[in-house]
Amino acid sequence: MKLPNFLDWPLLNNLRHHMAAPLAEAFGRQHRMKEIELPVVTRLQENGIDVGLEEIQILSDKTLAYRGHRVLLYIRDVSNYGGKQELPKFHLTFCKTLDGMRQKRRFERYVVANRDDGHFQVNLIGQPVVSKMAMLNVCQLCLVHIRWQDFHMGLAQDVRLGRVRQFELKAFFKTYPKDLNAVRPAHTSDTAPLNDYPADWQDIALAVKKNRGYSCNKCRVNLNGVMAQYLHLHHRNGVKSDNVDENLELLCIRCHAEEPFHGHMKSLPSYQEYMQARH
């Protein structure tokens with residue numbers, strides 16, 4: 001039996017309007033679809049996440065973080081002019097390039113990710129837009145910013161390009177772990193070794209100076225001969241007993257004094273002597 005449509009009944013409609021009674025929602029089960037959002041760690045390791053500048057944290061070691069995870073930044077949208085694309089670089093730190101983009105208010109074009117295979121999702125903007133995974137190179141200014149394996153812009157171009165090709169994100173994330181919440185001290189207050197130089201520290205320092213050609217890793221000044229006394233061996237992580245090569249940075253006393261928590265060195269007589277000698 002087919003029921004009549006009471007909404008077409010004039011008497012009922014007149015009464016409803018007189019009472020100012022609204023129509024009820026349609027009967028029946030209502031299905032509302034909710035998009036399932038993947039965990040942040042999964043999205044970072046897959047296609048990345050679009051972010052705003054205010055969401056990025058610059059860590060004390062100059063690398064970048066997003067919601068408790070160390071991340072890389074890159075441009076996802078790549079212009080396609082006449083079939084030619086210039087793929088972007090990915091960034092490890094808040095380098096001069098990113099700072100310039102921020103000043104131009106173009107930071108919103110960036111995406112965060114922390115894949116460690118060098119492949120990133122990019123969108124080739126053309127007719128039509130093509131999304132694909134592409135192999136990107138690391139930003140050279142970022143390598144300079146964290147002094148990665150003594151990389152600097154004074155190296156010959158072919159050497160720098162070779163270093164870029166050889167750069168491995170797995171090695172980077174081994175030194176700078178992805179999960180910031182999982183980083184825990186290696187020792188407790190009871191087991192921590194005394195933070196002091198080893199007995200053979202002078203031999204270690206001399207060997208490093210010779211191997212690195214008596215040049216400051218930061219400003220590249222050469223201090224051979226009697227000037228070698230103004231070359232210092234600096235521990236990147238602050239642990240004086242950790243003397244693996246990647247933790248040791250050879251710095252002139254001027255650059256050493258510019259390191260965090262080293263400003264007191266500027267009052268040393270040797271610092272004043274060096275500054276006078278350089279001028």
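A short reminder: the numbers here are calculations on the coordinates, not readings from a lab. Since this is a predicted model, take the numbers as computed values, not measurements. Here the Cβ positions follow ideal geometry from the backbone for every residue, glycine too, while neighbour counts run over all protein chains shown.
The ranking of F167, F173 by Cβ neighbour count inside 10 Å, starting from the fewest, reads F173, F167. Taking 0.36 nm per residue of sequence separation and removing the Cα-Cα distance, the A171/S131 pair yields an extension gain of 11.6 nm. Taken over the alpha carbons of region 201-278 as equal point scatterers, the Debye sum produces base-10 log I(q)/I(0) values at 0.14, 0.17, 0.22, 0.23 Å⁻¹ of -0.42, -0.63, -1.05, -1.14.
Want the number for M153 to A228: 0.36 nm per residue separation, take away the alpha-carbon distance, what's left?
Here the segment from M153 to A228 would lengthen by 24.7 nm.
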